[in-house]
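Asks: This is the structure I have questions about; it appears just below.
Every read-out reported here was derived from the displayed coordinates using simple, explicitly stated rules and does not represent laboratory data. On a predicted model such as this, the values are computed, not experimentally measured, just so you know. In this analysis, Cβ positions are derived from the backbone assuming ideal geometry, glycine residues included, and neighbour counts consider all displayed protein chains.
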Ligand SMILES: [Zn+2]
C-alpha cells in the first residue's frame, strides 16, 4: 500500500474531530467524538479507527499552549485533563506532530481554504475562547500566537490565564453570554431571557443571543456590538504589528457577522494605521470544522518545512 495519507486530529474542549487526509488535501474519512469523558481514550479510539498501512503520521491541533518538540501539552485552560500529557507515544510507530489548534486551523485554511490566496494572514478562532494562528510568507510563524490573551483593558476582567483585561474576556462567546447574563441579573429587560433557554439565563448559548439580536432584542444586540468593538481593538493591534494581507475569522461566532464582526471591522479601521488597513481583507474562514484536521495533516506532510521563524 502506498504511504501517502495522514491522520489529522483537532482536540477541542467539547469535541474531538479526526480525519484521514490524502496528500492533496482530500478528506477520505472523518469522525467526531466528545471529549467530555476521557480525552486520551477518545484520542486512542479515533486513531485506531482511522489507522491503516497508508498512514505516514499523525498530526494534532490541541487547544492550549504546547511544546511541539517534546509533543507535550504545557497547559490547556479549557481541557485541564490533558495538561502535561505526552502525545508522542500515540502514533504506535508512526511520527506524531502537535501544534496549537488555532495554528492548525490557520494551516488548514492556508492549504485548502480562505487563506489560499494570501502569503500572510492572521487567523482568529472566535469561540468559547479566542485563539490565533499567524501565517507568514506561506508558512506558520513559530510563535505562541495567543492572540486571545493580548491585554486590551487596564485592570479589566480576570482571565482564566491568570491575567486581567485579555481580549477573550471581552470578545469571546463566553464573554458575550456572560455580559447578557449579568445585565439580566441586574434587572435589564430582554426577550432573550423570556423566549430562549427556557427562561434560564444561565443556559443561554451564543446562538440564542444572535437569534435574539437578529430579532431586534436590544440587550443582545448591544452585547454583540460591545464584544465586536473589543475584537476590533485586537484586530487593529494585530494589523499594526503583523501587517498581514488578510485577517481570517473562524469559529461559531462568525454566525453573527452582520452585527459583531461589522462592529469589529469598523473599530479596527478607526484604530489601525491607514496604510496597513486600507487594503486588508477581513473575511470568514471557509473550511469550518474541517480546517483543524486539514492543518494537522498538513503538518504531517511538511514537518519542519511547515514553519517559518
Ligand atoms: Zn488571558
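Asks: With n ≥ 4 as the cut-off for DSSP H runs, can you work out [θ] at 222 nm for the chain, using -39500 (n - 2.57) per run divided by the number of residues, rounded to the nearest 500?
Replies: On the way: 10 runs with 107 residues, N = 309.
One gets -10500 deg cm²/dmol as the mean residue ellipticity at 222 nm.
Asks: Quick check: residue separation of residue 161 and residue 182 times 0.36 nm, minus the Cα distance between them. What number comes out in nm? Please report the intermediate quantities before stating the final value.
Replies: Working: separation 21, 0.36 × 21 = 7.56 nm, distance 2.15 nm.
Answer, rounded to one decimal: 5.4 nm.
Asks: Count the DSSP beta bridges whose two residues both fall in the chain, then state the antiparallel fraction as a percent rounded to the nearest 5. Can you show the working numbers first?
Replies: Working: 28 of 51 bridges.
Bridges in the chain are about 55 percent antiparallel.
Asks: Let me ask something else. Quick check: from the Cα gyration tensor, does the chain come out rounded (a/c under 1.5), prolate or oblate? The partial results should precede the final answer.
Replies: Values: a/c = 1.96, a/b = 1.46, b/c = 1.34.
Cα axes put the chain in the prolate bin.
Asks: Using Cα centres only, tell me the gap between the stretch 72-106 and the stretch 114-157 in whole Å.
Replies: Between the Cα centres of the stretch 72-106 and the stretch 114-157 lies a distance of 19 Å.
Asks: If one takes the longest principal axis of the Cα atoms in the chain, at what angle in degrees, from 0 to 90 and to the nearest 10, does the Cα axis of helix 218-242 lie?
Replies: 50
Asks: Just 109, 189, 267 to compare: in a GNM of the chain, with alpha carbon springs under 10 Å, which one fluctuates most?
Replies: 189
Asks: Before anything else, pin down the relative contact order of the chain: Cα pairs under 8 Å, at least 6 apart, normalised by residue count, whole percent. All intermediate terms of the calculation are to be shown ahead of the outcome.
Replies: On the way: 697 pairs, mean separation 66.3, N = 309.
Computed over the chain, the figure is 21 percent.
Asks: State the Cα centre-to-centre distance between the stretch 253-289 and the stretch 162-233 in whole Å.
Replies: A separation of 20 Å, based on Cα centres.
Asks: For the chain, with a Gaussian network of springs between Cα atoms less than 10 Å apart, report the residue from 241, 282, 201 with the top mean-square fluctuation.
Replies: 241
Asks: Right, another one. Taking neighbour Cβ counts within 10 Å as the exposure measure, how do 275, 243, 120 sort from fewest upward? Can you show the working numbers first?
Replies: Details: 275 8, 243 16, 120 19.
The order, fewest Cβ neighbours first, is 275, 243, 120.
Asks: Just to be sure I understand: with springs between alpha-carbon atoms less than 10 Å apart, which residue in 84, 292, 93 has the highest mean-square fluctuation in the Gaussian network model of the chain?
Replies: Most flexible of the set in this elastic network: 93.
Asks: I would also like to ask the following. Quick one: compute the contact order of the stretch 121-284, relative version, from alpha carbon pairs under 8 angstrom and 6+ residues apart, as a percent.
Replies: Once divided by the residue count of the stretch 121-284, the mean separation gives 23 percent.
Asks: Taking the chain as the reference, fit the longest principal axis to its C-alpha atoms, fit the long axis of helix 262-271 to the helix C-alpha atoms, and give the angle between the two in degrees, 0 to 90, nearest 10.
Replies: That helix lies at roughly 90 degrees to the long axis.
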